[in-house]
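Enquirer: Below is the structure I would like to discuss, written out as structure tokens.
Quick note: the coordinates plus some simple rules give every number you see, no bench work behind them. Note that the coordinates shown come from a computational prediction; the quantities given were computed from them, not determined experimentally. So basically every Cβ, Gly included, is an ideal-geometry build from the backbone, and we count neighbours across all protein chains shown.
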Amino acid sequence: MKFPIYLDNHATTPMDPRVLEAMLPYFTEKFGNAASRNHAFGWEAEEGVETARKQIAKLIHADAKEIVFTSGATESNNLALKGVVEMYHEKGDHIITSSTEHRAVLDTAKTLETKRGVKVTYLPVDKFGMVNPEDVRNAITDKTILISIMFANNEIGTINPIKEIGKIAKEKGILFHCDATQGVGKVPINVQEMGIDLMSFSAHKIYGPKGIGALYVRKKNPRVRIAAQMDGGGHERGMRSGTLPVPLIVGFGKACELCEQEMAADAARLSVMRDRLHATITKALEEVYLNGHPTERLPHNLNISFAYVEGESLLMGCKEIALSSGSACTSATLEPSYVLRALGVGAELAHSSIRFGLGRFTLDEEVDYAAKKIIETVTKLREMSPLYEMAKEGIDLKTVQWAAH
Amino acid sequence: MAYSEKVVDHFNNPRNMGSFKKEEDGVGTGIVGAPECGDVMKLQIKVQNDTIVDAKFKTFGCGSAIASSSLATEWLKGKTVEEAGKIKNTDIVQELNLPPVKIHCSVLAEDAIKAALADYQKKADSK
């Protein structure tokens, strides 16, 4: 086993060696500009790009012409929201989104509120982190121009009822954008069946390179139009200017092709591994709470809170394992995860949360090591925790008058 | 963000971790912080003839909070009650090389010392 062990695959994934292999020629001998129409170098690069476009489109059941390349999902989210608001501002000024979206959606929505006077509804989620489609329906007004709901949450892995939301959007004739950064390549996504009009995703979450993402923009039923947010050469059907990073695009395409072939097997293997990790931990430790949905969740995600233990100290005790915590001990605000808070998880349990993100290259023995190490560290830190001591003495921590600081 | 060597050392080998019985003679207990803020420190001192002969801590919090309270117990031992009251959070920041974002951990440790001393004083006065 090699250390440190990487269990933070929601943050990013290692590149698949097969992806790197596909990319390499495009850095050197096939270096052309895909927009050069007059010579072989350009044609070769363009061919690489168009093959990738097809591979990407196939994974999500779209047409290759509907793929717009961006620098990543953050840009795709910005382009979708800002581009729709600018293009359709005469039709209305209302957007519906949810409180557990990624910051790239939430902060874009905030900017649209303050700079463009757009009205934004932030829908609540249930205790599992799921958006209720009926809430979407009830929030729609005659001024609503866009619904933006994430496919799966990056912290807790909960998968939203996208198909139902897409159906409501269609019924009401409102555009539906889906931030599917965590879902694409992990679970089957079909933009036709799910009624998605715009969809953001990126390569580095699916064993591809960093710095490349895509926005799916529906071409018919309805034909979606967005205003470009950057002026330039009018690449990508005028929606996103800038010379295409051909090697990254070729890698993105290869990564999608591999996901299409291996996604089902990866998901089956990882969900078994994830469930075993969860079972081993809950068997050994009391007061461990699952965050997110018990079944409607990404196959490689596990998010749990260990009562009486602060998350960052837990990570410090498991420093040979790369994990992530909802504790915000290092953030300037000292606020724990807004996602967990939106689920109604208490601040103390939000501070105690750990996210495990398994991936294509995660080994059984790594997960077993992680379980053992987590159990040891939680046990040690609980011995050190005044809260655990008080709870053991039968004191109800909720009735204690704390000196907040 | 990497932790300083001293923080890592206190975290891996906490000094004086544990508890005294609160009602025991000469014991002062300070509990500061709140679970929803992600830090709770319990610091206890045992005083004989105006001198702190022993100290213990338990902390729920990040590595820096654990290290700050562990260090505080080391410093408290052997000090008089008056000397103990003069320990400043800035001393802890300096000793542990805490970054700005972790200064609140040292503040909490100073508050815990003050709370333990006040509790000891209150118990002594009520006798």
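Enquirer: Taking the beta-carbon count within 10 Å as an exposure proxy, list A:Y26, A:Y289 from fewest neighbours to most. If you can, show how the numbers build up before the last one.
Expert: On the way: A:Y26 23, A:Y289 15.
The fewest-first ordering by Cβ neighbours comes to A:Y289, A:Y26.
Enquirer: Hey, can you grab everything whose amide H is under 5 Å from the amide H of A:A322? Only 5+ residues off in sequence or another chain; H modelled, so Pro and N-termini drop out.
Expert: Placed amide hydrogens put A:I5, A:Y6, A:L7 under 5 Å from A:A322.
Enquirer: Oh, and also: Quick check on chain A: helices-only [θ] at 222 nm, where DSSP H runs of length 4 and up contribute -39,500 (n - 2.57) each and the sum goes over total residues. Nearest 500, please.
Expert: After summing the helix terms and dividing by residue count, I get -12500 deg cm²/dmol.
Enquirer: Report the dimensions of segment A:264-405 along its three principal axes from the alpha-carbon atoms, largest first, rounded to Å.
Expert: Here the spans come out as 51, 29, 26 Å, largest first.
Enquirer: Then there is this: Put a dot 7 Å past each Cα toward the Cβ at B:K77 and A:R37; how far apart are the dots in nm?
Expert: Rounded to a tenth, the inter-label distance reads 8.1 nm.
Enquirer: Let me ask something else. Long-range amide H contacts for B:A34: which residues qualify at under 5 Å (H placed 1.01 Å from N, peptide plane, sequence gap of 5 or more or a different chain)?
Expert: For B:A34, the qualifying residues are A:H405, B:D39.
Enquirer: Averaged over peptide B:52-60, how many Cβ atoms belonging to another chain are found within 10 Å of each residue's Cβ? Please report the intermediate quantities before stating the final value.
Expert: Values: counts 0, 0, 0, 0, 0, 2, 8, 7, 16.
Shielding by partners across B:52-60 averages 4.
Enquirer: Calculate the spin-label point distance for A:T379 paired with A:K54, positioning each point 7 Å from the Cα along the beta-carbon direction, and give it in nanometres.
Expert: 5.7 nm
Enquirer: While we're here: Counting Lys and Arg as +1 and Asp and Glu as -1, what is the net charge of the other residues whose Cβ lies under 10 Å from the Cβ of B:Q48?
Expert: On the way: positive: B:K46; negative: B:D25, B:D50, B:D54.
Every neighbour counted, the sum reads -2.
Enquirer: While we're on this one: Using a Gaussian network model of chain A with C-alpha springs under 10 Å, which one of A:G357, A:G253, A:G48 is most mobile by mean-square fluctuation?
Expert: Comparing A:G357, A:G253, A:G48 in a Gaussian network model of chain A, the most mobile one is A:G48.
Enquirer: Using alpha carbons only, how many angstrom separate the centre of segment A:233-308 from the centre of segment A:85-133?
Expert: 24 Å
Enquirer: Pick from A:V288, A:V131, A:V217: which is most flexible by mean-square fluctuation in a GNM of chain A where alpha carbon atoms under 10 Å apart are linked?
Expert: A:V288
Enquirer: Turning to a different aspect of this structure: Quick one, could you list the DSSP H helices from chain B stretching 18 Å or more along their long axis (Cα atoms) with average Kyte-Doolittle hydropathy of -1.0 or above?
Expert: Working: long enough: B:63-76 (20 Å, 0.63); B:103-125 (33 Å, -0.02).
Once both thresholds are applied, what remains is B:63-76, B:103-125.
Enquirer: A further question on this structure: Using the Karplus equation 6.51 cos²θ - 1.76 cosθ + 1.60 (θ = phi - 60°), what ³J(HN,Hα) coupling, rounded to whole Hz, does each residue of segment A:355-361 give in order, writing x for Gly and Pro?
Expert: For segment A:355-361, the Karplus-derived couplings read 10, 9, x, 7, x, 3, 9 Hz, x marking Gly and Pro.
Enquirer: For the protein assembly as shown, build the convex hull from the C-alpha positions and give me its volume per residue in Å³.
Expert: Working: hull volume 87.8 nm³, N = 532.
Hull volume over Cα atoms, normalised by residue count, gives 165 Å³.
Enquirer: Okay, next question. How many nm separate the modelled label positions at A:M230 and B:V8, each set 7 Å beyond the Cα in the direction of the Cβ?
Expert: Label-label distance for A:M230 and B:V8, simple model: 3.9 nm.
Enquirer: Over the protein assembly as shown, what is the percentage of antiparallel beta bridges among all DSSP beta bridges, to the nearest 5? Display every interim value, and only then the final one.
Expert: Numbers: 40 of 58 bridges.
Bridges in the protein assembly as shown that DSSP calls antiparallel: roughly 70 percent.
Enquirer: Build a GNM of chain A with springs between Cα atoms under 10 Å: which of A:E262, A:E66, A:E101 gets the top mean-square fluctuation?
Expert: Of the options given, A:E262 has the highest mean-square fluctuation.
Enquirer: Now for a separate question. Computed from the mean reciprocal separation of all distinct C-alpha pairs, what Kirkwood hydrodynamic radius does chain B have, in Å? Walk me through the numbers before you get to the answer.
Expert: Details: mean 1/r = 0.0701 Å⁻¹.
Evaluated on chain B, it is 14.3 Å.
Enquirer: So what's the back-of-envelope 222 nm ellipticity for chain B, counting only DSSP H runs of four-plus at -39500 (n - 2.57) apiece and dividing by all residues, rounded to 500? It would help to have the intermediate numbers written out before the result.
Expert: Values: 5 runs with 57 residues, N = 127.
My calculation for chain B gives -13500 deg cm²/dmol from helical runs alone.
Enquirer: On to the next question. What translational D, rounded to a whole number of µm²/s, comes out for segment A:266-327 from Stokes-Einstein when the hydrodynamic radius is the Kirkwood one over Cα pairs, at 37 °C and 0.692 mPa s?
Expert: On the way: Rh = 12.7 Å.
My calculation gives 259 µm²/s for D.
Enquirer: Here's a follow-up. Could you give me the ³J(HN,Hα) list for segment A:114-123, computed from phi with Karplus coefficients 6.51, -1.76, 1.60 and θ = phi - 60°, whole Hz, x at Gly and Pro?
Expert: 7, 8, 10, x, 6, 9, 10, 9, 9, 5
Enquirer: Over segment A:17-259, one equal point on each Cα, no solvent: what is log10 I(q)/I(0) by the Debye formula at q = 0.10, 0.12, 0.18 Å⁻¹?
Expert: -0.45, -0.64, -1.34
Enquirer: Quick one: Karplus J couplings for segment A:211-223, per residue in order, coefficients 6.51, -1.76, 1.60, θ = phi - 60°, nearest Hz, x for Gly and Pro?
Expert: Karplus values, whole Hz, x for Gly and Pro: x, 9, x, 9, 10, 7, 10, 4, 9, 9, 6, x, 7.
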